[in-house]
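Input: a single structure, listed below in structure tokens.
The values are calculated or read from the model by the stated rules, or taken from the named source; none is laboratory data. Here the structure is a predicted model, which is why all the values come from computation and not from measurement. In this analysis, Cβ positions are derived from the backbone assuming ideal geometry, glycine residues included, and neighbour counts consider all displayed protein chains.
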Amino acid sequence: MNNKTTILSLFLSLLALVFPFLIFDEIVTTPLQIVIALLILIAIFAINFYSALRGDRAINVFAAIVTLIALFLFTIPLWRYIF
């Protein structure tokens, strides 16, 4: 089961890198779409954390870092509304 959660974690981290492109290309524009995308990224990070507890920690920590970078890149265009 450890390998399955690690593979799922890596696949979801790869998928998480798509979300910043969606907001930079202005595909995700409404507040509801932005909130849903943020919740999906947070859920992917939670799965990465769970699989780090169950399986190979080094690979899953790397996947969690990739997800956090995607979350950071996703929020960059939103900062202009905050600051």
Any chance V35 is β-branched (V, I, T) and loosely packed, with under 13 Cβ neighbours inside 10 Å: yes
Any chance A52 is in contact with a Ser or Thr (Cβ under 6 Å, 6 or more places away or on another chain) and aliphatic (A, V, I, L, M): no
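Any chance you could count how many residues in the range 17-57 are of a type outside the set (S, T, Y), out of contact with any Pro (no Cβ under 6 Å at 6 or more places or on another chain) and either within 23 Å of Y81 (Cα to Cα) or not in a helix (DSSP H, G or I) (or both)? First the steps, then the outcome.
First, the residues of the range 17-57 that are of a type outside the set (S, T, Y): 17-28, 31-49, 52-57.
Retained after the next criterion (residues that are out of contact with any Pro (no Cβ under 6 Å at 6 or more places or on another chain)): 17-22, 24-28, 31-49, 52-57.
Add one more test, that the residue is either within 23 Å of Y81 (Cα to Cα) or not in a helix (DSSP H, G or I) (or both), and what stays is 17-22, 24-28, 31-42, 55-56.
Residues meeting the conditions: 25.
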All positions within the range 18-41 that are modelled with pLDDT of 90 or more and either closer than 12 Å to V66 by Cα or acidic (D, E) (or both): L41
Close pairs from the range 31-55: first among the small types (G, A, S), partner in a loop (DSSP other than H, G, I, E, B) and surrounded by 14 or more Cβ atoms within 10 Å (Cβ to Cβ), Cβ under 6 Å, at least 6 apart: A37/V28
Enumeration of residues in the range 58-72 that are buried (at least 17 other Cβ atoms within 10 Å of the Cβ), of a type outside the set (G, A, S) and either free of Cβ contacts under 8 Å to residues at least 24 places away in the same chain or within 17 Å of L22 (Cα to Cα) (or both): V66, T67, L71
